[in-house]
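Student: This structure is in structure tokens; I'll ask about it shortly.
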Amino acid sequence: MAVMNPTPPRPAGVAPTPPHPAGPASPAPGGAHTATGHTHRSDDQAELLDLEAEVLAEHLASLTAWLPVDEEPRRIVDLGCGTGAGTFALLARFPEAEVTAVDSSAVHLDRLRERAEALGVAGRVRVVRADLDAGRPELGRPELAWASSAMHHLADPGRVLRRVRELLAPGGLFALVEPAGFPRFLPEDAPEDRPGLEERCHTALADHHAEQVPHRGADWGPGLAAAGFTVVGERVVTVHVDRSHGPAVGRYALSGLRRLRGAAARALPAEDLAALDRLLDSEDPRGIGRRGDLAVRTELTAWAARRP
């Protein structure tokens, strides 16, 4: 699943990038996702999503265990699946189920296929490359649909919610998971030479994100009800994963802060950029790789909604 992907403000006169189609253009806990086009960028994002899946595995398992299913589903759809964080959590939670994994990125879907083969569950996974904003892929009649960190990237999420309701079998459940935003990694008073640096980076991007991803942080309950669902549950999960959970925390923080630096570079003063570069320098004694105070901090909200 994925959190928010920091994206740079565009120069004046440059058209906005269209919202991400079937999977979010950004990582966010729970599984998602890519934009289009450049393979090397998709590779970088796939690596970030894989790290995120490793760091947030316990939280994903907790959310799948919470789902108020009446009966164990046999057919599941993971919308905006990214590299498969949600897909594999759902396969583990429902051992008799098959999952159709949907995303717009061929790179992500290839990564998902490879992992399914390695885990011995390829026979239970079907991948579909599709843009949910643009069309209606053939996805069967699932009893459970899952979308993590995907909906806020869509151009018309209300229309997609209605399509998901039509897709589900009668009585079927839709699980929608959204992060509060891109995770934080550093203490508020870090780094020592530029305290509050990370938050200043996010503040510099706030107006841009409000324009480009206006549905981020939305309360999806009213939208689900307007689409014809009955909301049957809501849960908030606070995430705080420190370095004691393993080396993936440090790698995830390094990858995430690199993306943040690239997105916010034009909006930050030279002193902040220099401090960021020191954090990202593997040889610097103040760098991310040598800090023991890193932690992945964010918040996930999950809604469970039933098709009447």
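Student: Consider ASP78 carefully, then state whether it is surrounded by 15 or more Cβ atoms within 10 Å (Cβ to Cβ) and among the acidic types (Asp, Glu). So that I can check it myself, show each step before the final result.
Tutor: Details: surrounded by 15 or more Cβ atoms within 10 Å (Cβ to Cβ): yes; among the acidic types (Asp, Glu): yes.
It is true that ASP78 is surrounded by 15 or more Cβ atoms within 10 Å (Cβ to Cβ) and among the acidic types (Asp, Glu).
Student: Report the residue count in segment 89-133 for those that are at positive phi and surrounded by 22 or more Cβ atoms within 10 Å (Cβ to Cβ).
Tutor: Within segment 89-133, the first condition is being at positive phi, and the residues that meet it are 120.
Filter once more, so that each one left must be surrounded by 22 or more Cβ atoms within 10 Å (Cβ to Cβ): none.
Number satisfying all stated conditions: 0.
Student: Return the only residue of ALA305, ALA267, ALA253, ALA274 being under 22 Å from ALA53 (Cβ atoms) and either without any contact (Cβ under 8 Å) to a residue 12 or more places away in the chain or under 25 Å from the mean Cα position of the chain (by Cα) (or both). I'd like the intermediate steps shown before the answer.
Tutor: On the way: ALA305 fails: under 22 Å from ALA53 (Cβ atoms); ALA267 fails: under 22 Å from ALA53 (Cβ atoms); ALA274 fails: under 22 Å from ALA53 (Cβ atoms).
Every option except ALA253 fails the conditions.
Student: Filter segment 134-158 down to residues that are assigned to a helix (DSSP H, G or I) and touching a strand residue (DSSP E or B) at 6+ places or on another chain (Cβ under 7 Å) and give me whichever is surrounded by the fewest Cβ atoms within 10 Å (Cβ to Cβ). Walk me through it before giving the result.
Tutor: We begin by selecting, within segment 134-158, every residue assigned to a helix (DSSP H, G or I); these are 151-153, 157-158.
Imposing the further condition that a residue be touching a strand residue (DSSP E or B) at 6+ places or on another chain (Cβ under 7 Å) reduces the set to 151-152.
On the way: MET151: 27, HIS152: 24.
For segment 134-158, the residue satisfying everything is HIS152.
Here is a yes/no grid of residues against (1) assigned to a helix (DSSP H, G or I); (2) more than 23 Å from GLU58 (Cβ to Cβ); (3) in contact with a Pro (Cβ under 7 Å, 6 or more places away or on another chain); (4) of a type in the set (A, V, I, L, M):
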{"position": "LEU91", "(1), (2), (3), (4)": "yes, no, no, yes"}
{"position": "PRO95", "(1), (2), (3), (4)": "no, no, no, no"}
{"position": "VAL99", "(1), (2), (3), (4)": "no, no, no, yes"}
{"position": "GLY123", "(1), (2), (3), (4)": "yes, yes, no, no"}
{"position": "LEU132", "(1), (2), (3), (4)": "no, yes, yes, yes"}
{"position": "LEU161", "(1), (2), (3), (4)": "yes, yes, no, yes"}
{"position": "VAL164", "(1), (2), (3), (4)": "yes, yes, no, yes"}
{"position": "GLY171", "(1), (2), (3), (4)": "no, yes, no, no"}
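Student: Show the residue pairs meeting these rules: Cβ distance below 6 Å; 6+ apart or different chains; first residue within segment 166-190 and free of Cβ contacts under 8 Å to residues at least 24 places away in the same chain and on the phi > 0 side of the Ramachandran plot; second residue part of a strand (DSSP E or B) and of a type outside the set (Val, Ile, Thr).
Tutor: Nothing qualifies.
Student: Give segment 100-120 a look and list any residue that's under 18 Å from the mean Cα position of the chain (by Cα) and of a type in the set (A, V, I, L, M), or say none.
Tutor: Correct list: ALA101, VAL102, ALA106, VAL107, LEU109, LEU112.
Student: Name, by its number, the condition in (1) surrounded by 24 or more Cβ atoms within 10 Å (Cβ to Cβ); (2) at pLDDT 95 or above; (3) β-branched (Val, Ile, Thr) that does not hold for VAL3.
Tutor: The failed condition is (2).
Student: In this structure, is ASP193 within 22 Å of the chain's Cα centre (by Cα), surrounded by fewer than 22 Cβ atoms within 10 Å (Cβ to Cβ) and at pLDDT below 95?
Tutor: Details: within 22 Å of the chain's Cα centre (by Cα): no; surrounded by fewer than 22 Cβ atoms within 10 Å (Cβ to Cβ): yes; at pLDDT below 95: yes.
It is false that ASP193 is within 22 Å of the chain's Cα centre (by Cα), surrounded by fewer than 22 Cβ atoms within 10 Å (Cβ to Cβ) and at pLDDT below 95.
Student: Take the conditions in contact with a Pro (Cβ under 9 Å, 6 or more places away or on another chain) and at negative phi and apply them to SER62. Does it pass?
Tutor: no
Student: Please work out if ARG290 is over 30 Å from GLY171 (Cβ atoms) and in contact (Cβ under 8 Å) with a residue 24 or more places away in the chain.
Tutor: Values: over 30 Å from GLY171 (Cβ atoms): yes; in contact (Cβ under 8 Å) with a residue 24 or more places away in the chain: no.
Criteria not met by ARG290.
Student: Then there's this: Please verify whether LEU173 is under 22 Å from TRP220 (Cβ atoms), of a type in the set (A, V, I, L, M, F, W, C), more than 19 Å from the chain's Cα centre (by Cα) and modelled with pLDDT of 95 or more, treating the condition exactly as stated. Full working, then the answer.
Tutor: Working: under 22 Å from TRP220 (Cβ atoms): yes; of a type in the set (A, V, I, L, M, F, W, C): yes; more than 19 Å from the chain's Cα centre (by Cα): yes; modelled with pLDDT of 95 or more: yes.
Yes; evaluated as a whole, the condition is true for this residue.
Student: Continuing with the same structure: Which members of segment 101-121 meet the condition of being assigned to a helix (DSSP H, G or I) and small (Gly, Ala, Ser)?
Tutor: Within segment 101-121, ALA106, ALA116, ALA118 meet the criteria.
Student: Here's a follow-up. Against the definition (assigned to a loop (DSSP other than H, G, I, E, B) and either closer than 27 Å to GLY233 by Cβ or modelled with pLDDT of 95 or more (or both)), how does GLU72 come out, yes or no?
Tutor: Numbers: assigned to a loop (DSSP other than H, G, I, E, B): yes; either closer than 27 Å to GLY233 by Cβ or modelled with pLDDT of 95 or more (or both): yes.
Yes: the conditions hold for GLU72.
The values are calculated or read from the model by the stated rules, or taken from the named source; none is laboratory data. Computed from a predicted model, the values in this text were never measured in an experiment. A quick note on method: Cβ atoms are made from the backbone with ideal geometry, for glycine too, and the neighbour counts reach across all protein chains shown.
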